[in-house]
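A quick write-up on the structure given underneath.
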Amino acid sequence: MAHPKRVEAEPRLGASYDGDLAAWSLEQAGHLRQRAWAKLDIPHLIDEVESVARAERNALTSALRIILLHILKWDHQPDMRSRSWTTSIRVQRLAALERMEDSPSLGAQMEDLLARAYRRARIEAAAETNLPEATFPETCPYSADAVLNRDMPWPEASNEKAGISSEP
């Protein structure tokens, strides 16, 4: 199947930030390319640039939250360990490391981001494990190094855990 051609949308002149963000963005990009500084919507451009930084922080925080959730479950329900937890941890670690490669300044914010991620991970861990929230420490018990590098070995396959032999 042939891929459709990429179509560059033409910005609509006078696009409104509140009325059509996509058209406004294309128009602003055009003004930047043309160095038409007087035509730029500076207050909204500032907001949008700042929102990019927030989005990067939020994406890293989200990856950390998922890692923390599964580490909490791993530590508090060892009999329930699954390959899906290990997979989730590994995939989200890669996502977190890629975010930090793309935006190295996020590394300096790691302690704050871990604390933010942990608050949500703790609530989710309590809900998913049916354990009281007080079971989990109020503050993150893991260092950034542990969150990003702690060994999480593959658990046995579920049929092996249940004592079911895969042999005839």
| query | From Cα coordinates alone, what are the radius of gyration and Dmax values for the chain in angstrom? | reply | 22.8, 78
| remark: So the angle from the long Cα axis of helix 83-102 to the longest Cα principal axis of the chain, reported in degrees to the nearest 10, equals 30
| task | Could you provide, to the nearest whole Å², the per residue accessible area of segment 1-151 with probe 1.4 Å? | result | 65
| Looking at Ile42, Pro132, Ile71, which one has the Cα that reaches farthest to the positive end of the dipole of the chain (charges on Cβ: Lys, Arg +1; Asp, Glu -1)? | Ile42
| When the Karplus curve 6.51 cos²θ - 1.76 cosθ + 1.60 is applied with θ = phi - 60°, which whole-Hz ³J(HN,Hα) does each residue of segment 15-28 get, with x for Gly and Pro? | 4, 8, 4, 6, x, 7, 4, 5, 5, 4, 4, 5, 5, 5
| remark: In segment 47-112 the accessible area split gives carbon plus sulfur, as whole percent at 1.4 Å, a share of 52
| query | Looking only at GluC sites (Glu not before Pro) in DSSP loops with at most 16 other Cβ atoms within 10 Å, what is the longest site-free stretch of the chain? | reply | 9-137
| task | Calculate the dipole size of segment 8-137 relative to its Cα centre from +1 charges on Lys and Arg beta carbons and -1 charges on Asp and Glu beta carbons; express the result in debye to the nearest 20. | result | 480
| Once phi is turned into ³J(HN,Hα) by the Karplus curve 6.51 cos²θ - 1.76 cosθ + 1.60 with θ = phi - 60°, what whole-Hz value does each residue of segment 36-46 show in order, with x for glycine and proline? | 8, 4, 5, 8, 6, 8, 4, x, 6, 4, 4
| field | Expected 222 nm ellipticity per residue - DSSP helices of 4 or more, -39500 (n - 2.57), all of the chain, to 500 | value | -19500 deg cm²/dmol
| How far is helix 110-129 tilted, in degrees, relative to the longest principal axis of the Cα atoms in the chain, given as a value from 0 to 90 rounded to the nearest 10? | 50
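The values are calculated or read from the model by the stated rules, or taken from the named source; none is laboratory data. Note that the coordinates shown come from a computational prediction; the quantities given were computed from them, not determined experimentally. Because the Cβ atoms are built from the backbone with ideal geometry, glycine has one as well, and the counts that use them run over all protein chains shown. For the accessible areas, the whole protein counts, side chains as well, though only heavy atoms, and no ligand, DNA or RNA atoms are used. Shrake-Rupley method; radii C 1.70, N 1.55, O 1.52, S 1.80 Å.
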